[in-house]
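Have a look at the structure below before the remarks.
The values are calculated or read from the model by the stated rules, or taken from the named source; none is laboratory data. All of these numbers come straight from a predicted model, not from anything done at the bench. Cβ placement follows ideal geometry from the backbone for every residue including glycine, while neighbour counts extend to all protein chains displayed.
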Amino acid sequence: LGWLCSNQFHSYISFHQIYMFVTYLYTDVWPGSADMLQSLRECFGCNQDLLTSLRKAEEMAFEHGDLTIALEPKVYLELLELFAAHPPEYSFRCDSSILSSRSAVFRGLLNHVGEDGRIVLDEALLPRGFAPVVVHFIYTDELDFSMVPDTIISESSLSEARAIVAGRSPHSPLHRAIQLIHIAKFFALEKLVQLCEDVIVASLCPESCVSICTWACDGALLSNYFSYLESEFSQIASTHCLFDISLESLVRCVKSQFLQATEVDVLEAVIRWGEHELLHRMEEREPNVVADTSHSISRRGVKRGDLSGAELREILAPITAHLRIDYVLPPFHQSLNAAYSRGILDRAPLRDDLVCPSTSEIIPDIHWFRPDQDAPGPRFYVPYYKRDGIACIPHPLLVVDCAFHVAVTNLMPDLISEEKFNEVLLFFCIDITLFEMSHLRSNWKSLLLLKVPIVSIIFASFHVLIIDVWRFSW
């Protein structure tokens, strides 16, 4: 930089500007003016964007890189040792400066590089099929699975088709992302880990979500799994994938406020899951002599009546505690009555306000209008919200927005003339404006709405008294 400033560019380019330009070449961040940047780019011949330059640098590094990384195959594979069919060593060149700046693991390995500039890695750490993908990411921050060579599959076409649908095909992005994410974590490439997680989340489906949950113990992938399970629970419950869900996952899903399924669907799915779990336990307790014979449970089957009882109730107890039975529609659904008759659920004691005092009729929907103090309330089921949200009038006490409207009606036009009423209404508008500017909470809004019918006061100087009562209500 000092040589550049002291020679041909000294007349119109300062040292600070050249320093900023070199920083721009590495980071693509330019704090100066656009005209100065354009003149510097033309002066130094930098007319390409950063991504194009990085791709060009990657191509040049494969030929003229100062570092060679060699990948040796696993020598302990018995099959390869038996036939002496070790594949040839795979190596590639790259820039040590870029490699060390992107990965702390490679930075530590560079401290042990000899004079030949060569690093030898076990192919178990970095398989040769994923090496081009990792190097391409290090240069460009892009994840390109098209660089992974195809492998020979020794499966039948039907097995391969089933594996592709389930996301287990070695050619599927899900399978490759699961393999690559371990490599990225080992070499401390956090951005590559995030890109692999995005691919895995995008590949979530009813057939793969449970296996992904089993593989991802924690982190963002597990959170996305539960979000997918909540949003697609109705679809998953209609398939055999329901029986692969663990008890902990099902409990967490049923406890969610945003489970996208009706309470009847949730109840029926939970009962089917419990029956399958009970059948699995009965098969495990079956003697080995009877197993796999015509008398075994798996062959002759089990009647639903045989699955009822204390054991099924015990299996479903952690889940049924979080079912919102009060919000089953219709309230006397046959699945709900069947769960009561089979002893899976206990009937809640009748509420005092369940019977209408005027008509002596039972109000089955009383939980919707007068929920208990500790009741969780109905779930946020999107179809109900979209269908009924337009027809329903929002309750004033549930309005979240600070901006609200008050409608004042003259209930006694014989006593209050239209002129005086308009005068009072003007004072109302002034005080409401001041009230909105004070940013009071919703309980003050409810108090305000309850004090609206004060215009029925009949006094001679009624407008002054109305304003006084209005201010006293604060």
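Summary of values
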quantity: Members of region 187-211 that are aliphatic (A, V, I, L, M) and in contact (Cβ under 8 Å) with a residue 40 or more places away in the chain; calculated: 188, 189, 192, 195, 199
quantity: Selection from region 336-377 of residues that are loosely packed, with under 11 Cβ neighbours inside 10 Å and either modelled with pLDDT of 80 or more or not in a loop (DSSP other than H, G, I, E, B) (or both); calculated: 341, 347, 352, 369
quantity: Number of the exception - residue 174 against (1) outside any helix (DSSP H, G or I); (2) at pLDDT below 90; (3) touching a helix residue (DSSP H, G or I) at 6+ places or on another chain (Cβ under 8 Å); calculated: (1)
quantity: Count of residues meeting criterion [aromatic (Phe, Trp, Tyr) and closer than 14 Å to residue 135 by Cα] in region 25-66; calculated: 1
quantity: Residue match in region 378-391 (condition: among the β-branched types (Val, Ile, Thr), within 25 Å of residue 265 (Cα to Cα), modelled with pLDDT under 70 and under 39 Å from the mean Cα position of the chain (by Cα)); calculated: yes
quantity: Hits in region 272-288 - residues which are of a type in the set (Lys, Arg), at pLDDT below 90 and within 14 Å of residue 316 (Cα to Cα); calculated: 281
quantity: Identity of the residue in region 212-244, surrounded by fewer than 16 Cβ atoms within 10 Å (Cβ to Cβ) and in a loop (DSSP other than H, G, I, E, B), that ends up nearest to the chain's Cα centre (by Cα); calculated: 219
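Yes/no matrix, rows are residues, columns are (1) modelled with pLDDT of 90 or more; (2) of a type in the set (Asp, Glu); (3) closer than 30 Å to residue 368 by Cα; (4) within 33 Å of the chain's Cα centre (by Cα):
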{"position": "249", "(1), (2), (3), (4)": "yes, no, yes, yes"}
{"position": "253", "(1), (2), (3), (4)": "yes, no, yes, yes"}
{"position": "261", "(1), (2), (3), (4)": "yes, no, yes, yes"}
{"position": "265", "(1), (2), (3), (4)": "yes, yes, yes, yes"}
{"position": "270", "(1), (2), (3), (4)": "yes, no, yes, yes"}
{"position": "290", "(1), (2), (3), (4)": "no, no, no, no"}
{"position": "295", "(1), (2), (3), (4)": "no, no, no, no"}
